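One structure is given here, and the rest of the page talks about it.
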Amino acid sequence: MKVEGFEDLRAWKGSRELVKKIYSLTKRRDFAKDFTIVNQIRKAVISVMSNISEGFERGSNKEFIQFLYMAKASCGEVRTQLIIAYDQSYIDQKDLTEVGNLAKCVSGLIGAFINYLRNSKIKGSKCKSPVYNKTSEQTRGFYQEETLEP
């Protein structure tokens, strides 16, 4: 099975779950009142998901890797903002651990994907290379149908 789009990437699917969790947390009463942190954490988590998709659409590994690094950095930003939310008692330890672990998981997937792309002979669609194949042994871990769990 060929990758049809960024939606097939495991890191993108994980980032989508992370967005859902962050939006759910930031809708809570006390958290929702702090517009500054809500705005910042939502921007950061949206950046994770958006940079994966934008990089994918660029059509070259070099550009994709640049965007993946930005997405990975935004995962760190989300984790920091979760700690701020915890310190302000907007979330509890369970939420901090659960959502923080999901952010770490997504960051790890992005990091592994960066390493794969850096070592790949496939240079992207701009270079008229073949599309990634989901069944190849090297790429199997990056494509998964089920939802990620931290």
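No value in this document is a laboratory result; all are computed from the given coordinates. Since the structure is predicted, the reported quantities are computational estimates derived from the model, not experimental observations. With ideal geometry, Cβ positions are generated from the backbone for all residues, glycine too; neighbour counts draw on all protein chains shown.
Legend: distances between Cα atoms for K13/K43; K43/K123; K27/K62; pairs beyond 28 Å are K43/K123; K27/K62.
So, by mean Cβ neighbours within 10 angstrom, what's the order for 5-11, 69-75 with the highest one leading?
Values: 5-11: 18.6, 69-75: 21.4.
In decreasing order of mean packing, 5-11, 69-75 become 69-75, 5-11.
Paramagnetic label reach from T36 (point 7 Å along Cα→Cβ; backbone nitrogen cut-off under 20 Å): within the stretch 58-77, residues 77. Rounded to the nearest whole Hz, the Karplus-based 3J(HN,Hα) values (6.51 cos²θ - 1.76 cosθ + 1.60, θ = phi - 60°) of the stretch 99-106 follow the sequence 6, x, 5, 5, 4, 5, 4, 4, with x at glycine and proline.
Taking 0.36 nm per residue of separation and subtracting the current Cα-Cα distance, fully stretching the chain between S120 and S89 would add 6.7 nm. Prolate is the label for the stretch 6-137, because the ratio a/c of its alpha-carbon gyration tensor axes (a ≥ b ≥ c) is 1.5 or higher and a/b is greater than b/c.
In which sequence would S50, S89, S15, S120 go, from the one with the fewest C-beta neighbours within 10 Å to the one with the most? Please report the intermediate quantities before stating the final value.
Working: S50 18, S89 9, S15 32, S120 14.
Placing the least packed residue first, the sequence is S89, S120, S50, S15.
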